[in-house]
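Inspection log for the structure reproduced underneath, given as structure tokens.
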Amino acid sequence: MQNVWAKVLTQELSFPGSFSYKSLDILKNMTSKDFKLFESLCSVNVDNAILNEKDNDFYGPYNLYWVNLLKLKEFNLISMEDTNRTYTIQPGKSVGLIYANEYIILLKNNSEQEIMYKLELFLLTQFAIELSSVALITVRDNFIVEYAKKLKLKKNNGLSVTLHKINFIINGQKKMHI
């Protein structure tokens, strides 16, 4: 936890106001075990959310069993409310979901009609997003492959789901090699 606090103080000195008082209060009340659990959450979030999967087989390998998600909720780091995020995808267009700034899942509309793609998610709170900047995030290649497979299994006529590795960034834009 000393290293985490050192990162927080360094970032706050470099960019005053990076952390809200509430985020610092949450961090103050966390043990190192709690923070490790939070880092596991950060390692499986895609676009600041995780799939609403109550099946322990999906998040269990990352120690994110239901009881641990509830503990993170108590710290106000994740919302356990049933939340839907709907993506409206125009014909011939794509929507990208970013994972750990290393992968992108493209949802591409190959049909002639607009597609509404709905995901049931648990959202990371603003406090979790702030604190994630000091978390040690382990990129989990196997996780993102399974995540993409889960999205692919959803029945959406005309929608293709593909996973790509982000290779480089140009002018702040992530680029991938397809």
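I want to check the label-to-label distance for Thr88 and Lys36. Put each point 7 Å from Cα in the C-beta direction and report it in nm to one decimal. Going by the 7 Å Cα→Cβ label model, 4.6 nm. Solvent-accessible surface of region 120-162, averaged per residue with a 1.4 angstrom probe and all protein chains in place: 53 square angstrom.
Gain on full extension, evaluated as 0.36 nm per residue between Asn29 and Glu81 minus their Cα-Cα distance, stands at 16.4 nm. For the chain, the 222 nm mean residue ellipticity estimated from helices alone, with every DSSP H stretch of n ≥ 4 adding -39500 (n - 2.57) and the total spread over all residues, rounds to -10000 deg cm²/dmol. Accessible area per residue for region 7-92 is 54 Å², calculated with a 1.4 Å probe on protein heavy atoms, without ligands, DNA or RNA. Accessible surface of Asp82, taken over heavy atoms with a 1.4 Å probe and every protein chain present, rounds to 120 Å².
Against the chain, whose longest principal axis is taken from its Cα atoms, helix 141-153 shows a tilt of about 40°. For a straight C-alpha distance cut-off of 18 angstrom, the aspartates and glutamates reachable from Lys155 (same-chain residues fewer than eight places away being disregarded) are Glu53, Glu112, Glu114, Glu120, Glu146. Excluding same-chain neighbours fewer than eight residues apart, the aspartates and glutamates reachable from Lys33 by a Cα-Cα span under 16 Å are Glu74. Measuring gaps between exposed loop sites in the chain (GluC sites (Glu not before Pro); DSSP loop; at most 10 other Cβ atoms within 10 Å), the longest gap, sites not included, is 1-80.
For the chain, the carbon plus sulfur part of the accessible surface works out to 50%, probe radius 1.4 Å.
Straight-line reach from Lys73: taking Cα to Cα under 12 Å and skipping same-chain neighbours fewer than 8 places apart, the aspartates and glutamates in range are Asp34, Glu81. In the complete set of protein chains, residue-level accessible area for Leu123 is approximately 50 Å², probe 1.4 angstrom. Subtracting the Cα-Cα distance of Ser111 and Asn157 from their residue separation scaled by 0.36 nm leaves 15.8 nm. Note on region 104-156 and region 17-75: Cα centroid distance 16 Å, given to the nearest whole angstrom. Where in region 1-107 are there trypsin sites (Lys or Arg not before Pro) that are in a DSSP coil and have at most 16 other Cβ atoms within 10 angstrom of their Cβ? Filter output for region 1-107: Lys54, Lys93. A Förster radius of 35 Å, combined with the Cβ-Cβ distance separating Gln2 from Gln126, puts the computed FRET efficiency at roughly 0.90. Shape class of region 13-96 from the alpha-carbon gyration tensor: oblate, with a/c at 1.5 or above and b/c at least as large as a/b.
The values are calculated or read from the model by the stated rules, or taken from the named source; none is laboratory data. Here the structure is a predicted model, which is why all the values come from computation and not from measurement. All Cβ positions, even for glycine, are placed from backbone atoms using ideal geometry, and neighbour counts span all protein chains on display. To get the accessible areas, we keep the full protein, side chains included, count just its heavy atoms, and leave off ligands, DNA and RNA. Shrake-Rupley method; radii C 1.70, N 1.55, O 1.52, S 1.80 Å.
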